[in-house]
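The values are calculated or read from the model by the stated rules, or taken from the named source; none is laboratory data. Note that this is a predicted model, so its numbers are computed, not measured. Neighbour counts run over all protein chains shown; Cβ positions are idealised from the backbone, glycine included. When the accessible area is computed, the model is the full protein with side chains, heavy atoms only, and any ligands, DNA or RNA have been set aside. Shrake-Rupley method; radii C 1.70, N 1.55, O 1.52, S 1.80 Å.
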Amino acid sequence: MNPLTQHPPPTPFRTVLVLGGTSDISHAVTARLDPPPTTVILAGRHPHTLTAAATTLQRTGMHVHTASFDATDLAGHARLFTDLWAQYGAIDLVILAAGVLGNPDDCRPDPTTALEVITTNYVGATSALLHLTPHLVTQGHGTVIILSSIAAQLPRAKNPAYSSSKAGLDHFSQSLADQLAGTGVRLLIVRPGHVTTTMTAHLPTPRHAVHPANVADAIHKALHSHKRIVWAPNRLRWPAALLQHLPPTLRNRLLP
Ligand SMILES: NC(=O)c1ccc[n+]([C@@H]2O[C@H](COP(=O)([O-])OP(=O)(O)OC[C@H]3O[C@@H](n4cnc5c(N)ncnc54)[C@H](OP(=O)(O)O)[C@@H]3O)[C@@H](O)[C@H]2O)c1
């Protein structure tokens, strides 16, 4: 292991909290953790689907609990995280996966969907980070995996609400990571491209699409490095940088 480029393996994540507990990507990430966590808390909006997800994960030997979490219920966030930390003592890893894609052409015909996307992916996600990171700082350690997106770097005519919400979350997380330096708390920002999950099931699958397990592999590797931002897959990084600097008309023509 090269000590300049690699961290030693992270301390085992004994207790893991998943915000957006039915997310396909989060399940792949949780299943890839090595060693496996002892306890996983799946937090989300729908008790039935959370229970089904919990049953599947339990087969791998983890203790899986569920909790109620709605990213848009800003008033409930402070209490939720206080209660979770009171109940579990320490939470070693948080996976922030809650997100909605909205419609293609997400600002029309009315702004309702666009505002829901922004409220969930940006306002709700940053609210969760603001309320949970003080608990990590108090316990003196912790990692947060933040599901951003390649869209954070590529503003698109097709979905302004989604790409701007992810850009906001991505920038916020980078600044917060700077603030948290030296506290023992690490934020890992993940920028996947198109991943074949429930979120994208209604869309045509592009050639560069990957599976949730590929995202989990990229995250697993990044957890053993000093990286703050991880592309999933890594090969998207340079094309995204190039596309970002193209004139918007050309960029919009090239993007799927
Ligand atoms: N799939 C992709 O191509 C892709 C690419 C880049 C980034 N991402 C990001 O990766 C994350 C996980 O997505 P995924 O692909 O795993 O899709 P997914 O399976 O559809 O998961 C999305 C999760 O977000 C939850 N959610 C939505 N609105 C919520 C709210 N108001 N409060 C709490 N939870 C809420 C959903 O829960 P419900 O059951 O309540 O709907 C679901 O658990 C998302 O943030 C997404 O933007 C995905």
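To the nearest 10 degrees, how steeply does helix 125-139 sit against the main Cα axis of the chain, on a 0 to 90 scale?
30
Would you list, by chain and number, the lysines whose Cα falls below 27 Å from the Cα of residue 158, excluding same-chain residues fewer than 8 positions away?
Cross-link targets: 166.
Run the simple label-point estimate for residue 68 and residue 178 please: 7 Å along Cα→C-beta, distance reported in nm.
Computed distance between label sites residue 68 and residue 178 equals 3.9 nm.
In the chain, what % of DSSP beta bridges are antiparallel (nearest 5)? Display every interim value, and only then the final one.
On the way: 1 of 31 bridges.
Within the chain, antiparallel bridges account for around 5 percent of the total.
As an exercise, use a Förster radius of 22 Å and the Cβ-Cβ distance of residue 255 and residue 108 to find the FRET efficiency, rounded to the nearest 0.05. Intermediate results must be reported in sequence, preceding the final value.
Details: r = 19 Å, r/R0 = 0.84.
With a Förster radius of 22 Å, E is 0.75.
With springs connecting C-alpha atoms under 10 Å apart, model the chain as a Gaussian network and identify which of 243, 129, 17 has the largest mean-square fluctuation.
Judging by the Gaussian network model, the answer is 243.
Taking amide H positions as placed in the peptide plane 1.01 Å from N, state which residues far from residue 64 in sequence (5 or more) or on other chains have amide H under 5 Å from it.
Amide H neighbours of residue 64: 40.
Can you give the accessible area of residue 70 in Å² (nearest 10), computed on protein heavy atoms with a 1.4 Å probe?
Surface open to solvent at residue 70 totals about 60 Å².
With everything on Cα atoms, drop me the angle between helix 47-58 and the longest principal axis of the chain, reported from 0 to 90° to the nearest 10.
Tilt of helix 47-58: around 70 degrees.
From zero up to wherever the largest Cα-Cα distance of region 41-98 sits, split into 10 Å bins and tell me the percent of pairs in each.
20, 54, 25, 1
Using only the Cα atoms of region 96-137, what are the Rg and Dmax in Å?
Just the Cα atoms of region 96-137 yield Rg and Dmax of 12.9, 43 Å.
Taking 4 °C and 1.567 mPa s as the conditions, I'd like the Stokes-Einstein D for region 15-254 in µm²/s, using the Kirkwood hydrodynamic radius from alpha carbon pairs. Present the calculation step by step, with values, prior to reporting the outcome.
Details: Rh = 18.2 Å.
My calculation gives 71 µm²/s for D.
Based on the inverse mean of 1/r over its pairs of different Cα atoms, what is the Kirkwood hydrodynamic radius of region 155-256, in Å?
Working: mean 1/r = 0.0657 Å⁻¹.
After inverting the mean inverse Cα-Cα distance, the result is 15.2 Å.
Please give the helix 212-223 orientation as an angle from the longest Cα principal axis of the chain, in degrees from 0 to 90, rounded to the nearest 10.
60
How much of residue 72 can a 1.4 Å solvent probe reach, expressed as accessible area in Å² and rounded to 10?
Its accessible surface works out to 60 Å², give or take rounding.
Just how far, in whole angstrom, is region 8-66 from region 218-256 if you go by their alpha carbon centroids?
Centre-to-centre (Cα) distance: 27 Å.
What length, rounded to one decimal in nm, is gained on full extension from residue 11 through to residue 45, with 0.36 nm per residue of separation minus their alpha-carbon distance? Mind dumping the intermediate values first?
Values: separation 34, 0.36 × 34 = 12.24 nm, distance 3.00 nm.
Stretched out fully, the residue 11 to residue 45 stretch lengthens by 9.2 nm.
Give me D for region 22-138 in µm² s⁻¹, whole number, from Stokes-Einstein with Rh from the Kirkwood sum over alpha-carbon pairs, 10 °C and 1.306 mPa s. Intermediate results must be reported in sequence, preceding the final value.
Working: Rh = 15.4 Å.
This corresponds to a translational diffusion coefficient of 103 µm²/s.
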